[in-house]
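Down below is the structure, laid out as structure tokens.
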Amino acid sequence: MSANVKKIRQGAVVSNKMDKTIVVAVERKFPHKLYGKFIRQQVKYMAHDAANECQIGDLVLIEECRPLSRRKRWLLRSIIQRAV
């Protein structure tokens, strides 16, 4: 397996107030180990948006990259669906 495989996540933009930065909420569902009930877990990632093109509610694809700032380690790859 190659060492250059980058992680990719899909989520919704929840904030675009910073310059060239968006906050993306990524939700995953997994079954509880004992009871089997599906649990929804949400993680927020800060991603680099060089063109400031994302709006709140957009569905986006982000990919892992080198550290760009203290908390920013993801890069906007594409906008899947625009917010209505």
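The numbers here are math on the coordinates, done by the rules we state, and not lab data. The model shown is predicted, which means the values in this text are computed figures rather than measured ones. Quick reminder, even Gly has a Cβ in these numbers, built from the backbone with ideal geometry, and neighbours come from all protein chains shown.
Below, the figures for the structure above:
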item: Cα-based Lys proximity count in the chain, under 23 Å, for pairs eight or more positions apart or on separate chains; result: 15
item: Label of the coordinate-derived value, log10 I(q)/I(0) by the Debye sum over Cα atoms at q = 0.14, 0.17 Å⁻¹, listed as [x] -0.39, -0.59; [y] -0.52, -0.70; [z] -0.44, -0.65; result: [y]
item: ³J(HN,Hα), Karplus 6.51/-1.76/1.60, whole Hz, each residue of the range 47-54, x for Gly, Pro; result: 10, 7, 10, 4, 9, 6, 9, 7
item: Size of electric dipole in the range 9-65: Cβ of Lys, Arg +1 and of Asp, Glu -1, about Cα centre, debye, nearest 20; result: 540 debye
item: DSSP loop trypsin sites (Lys or Arg not before Pro) with at most 12 other Cβ within 10 Å: longest gap in the chain; result: 38-69
item: Within a Gaussian network of the chain (alpha carbon springs, distance under 10 Å), most fluctuating of 49, 19, 58; result: 19
item: Chain lengthening between residue 26 and residue 59 when straightened (0.36 nm per residue, less Cα-Cα); result: 10.9 nm
item: Among 45, 56, 34 - extreme Cα towards positive end, dipole of the range 1-62, charges at beta-carbon; result: 34
item: The range 26-84: chymotrypsin sites (Phe, Trp or Tyr not before Pro) in DSSP coil with no more than 11 other Cβ atoms inside 10 Å; result: 35
